[in-house]
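The values are calculated or read from the model by the stated rules, or taken from the named source; none is laboratory data. All of these numbers come straight from a predicted model, not from anything done at the bench. Ideal geometry is used to build each Cβ from the backbone, glycine not excepted, and the neighbour counts take in all protein chains shown.
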Amino acid sequence: MELEVGMSAPEFKLMGSDNKEHSLKDYKGKRVILYFYPKDNTPGCSLEAQDFKSHYESFIDSNTVILGVSRDNLKSHEKFINKYELPFVLLSDEDEIVCKLYDVLKEKNMFGKKVFGIERSTFVIDEEGKIIDIYRKVKVKGHVESLL
């Protein structure tokens, strides 16, 4: 089923870079920016994470939580967070459960080979758990600013 604005965001449980389990219902009463990105420490993903970091205070001031999701493991997330001093939690979806719930796994062409990977996507979820915005095929430049 295709996710659409106005629908309830799919509930999930994933381990975070803070070694705690996170689920969407933990954030009731806050706006959530759930952003899916292909891989830790790659150029576009590093740039996107740094953009979120640059505007982190503005998001906090507007009662908004930022959660990044990729298929990387927690050790990879830890290195990524330390390298860029990221102030928000990254969630590990090694089993692709949440990626499938949010339909962000797409066939991509990498160096002439077809691979399945995460299509850079962002979901904005309101205080009640409803999807209020969906961005697919996100271009990094200017994306975070457009969320503010």
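Data overview
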quantity	calculated
Members of the stretch 87-119 found to be touching a Gly at 6+ places or on another chain (Cβ under 8 Å) and touching a residue at least 12 places away in the same chain (Cβ under 8 Å), listed by number	88, 89, 90, 91, 92, 105, 106
Residue match in the stretch 120-142 (condition: polar (S, T, N, Q), touching a Phe, Trp or Tyr at 6+ places or on another chain (Cβ under 8 Å) and in contact (Cβ under 8 Å) with a residue 24 or more places away in the chain)	yes
Candidate set from the stretch 81-119 (those that are in contact with a Cys (Cβ under 8 Å, 6 or more places away or on another chain) and either in a loop (DSSP other than H, G, I, E, B) or among the β-branched types (Val, Ile, Thr) (or both)); member that is farthest from residue 9 (Cα to Cα)	118
From 14, 24, 67, 34, residue being within 15 Å of the chain's Cα centre (by Cα) and over 15 Å from residue 124 (Cα atoms)	14
Pairs with Cβ under 6 Å, 6+ apart, first in the stretch 40-56 and aliphatic (A, V, I, L, M), second at pLDDT 95 or above	49/84; 49/86
Whichever residue in the stretch 1-42 is exposed (fewer than 15 other Cβ atoms within 10 Å of the Cβ) and of a type in the set (S, T, N, Q) and, among such residues, is farthest from residue 68 (Cα to Cα)	8
Checking residue 127 against (1) part of a helix (DSSP H, G or I); (2) surrounded by fewer than 16 Cβ atoms within 10 Å (Cβ to Cβ), the condition it does not meet	(1)
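Yes or no, residue by residue, for (1) closer than 15 Å to residue 77 by Cα; (2) of a type in the set (S, T, N, Q); (3) outside any loop (DSSP other than H, G, I, E, B):
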{"position": "18", "(1), (2), (3)": "yes, no, no"}
{"position": "26", "(1), (2), (3)": "no, no, yes"}
{"position": "29", "(1), (2), (3)": "no, no, no"}
{"position": "32", "(1), (2), (3)": "no, no, yes"}
{"position": "35", "(1), (2), (3)": "yes, no, yes"}
{"position": "41", "(1), (2), (3)": "yes, yes, no"}
{"position": "52", "(1), (2), (3)": "no, no, yes"}
{"position": "58", "(1), (2), (3)": "no, yes, yes"}
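Quick grid of which residues meet (1) loosely packed, with under 13 Cβ neighbours inside 10 Å; (2) more than 19 Å from residue 32 (Cβ to Cβ); (3) out of contact with any helix residue (DSSP H, G or I) (no Cβ under 7 Å at 6 or more places or on another chain):
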position: 60; (1), (2), (3): no, no, yes
position: 69; (1), (2), (3): no, no, no
position: 78; (1), (2), (3): no, yes, yes
position: 121; (1), (2), (3): no, no, yes
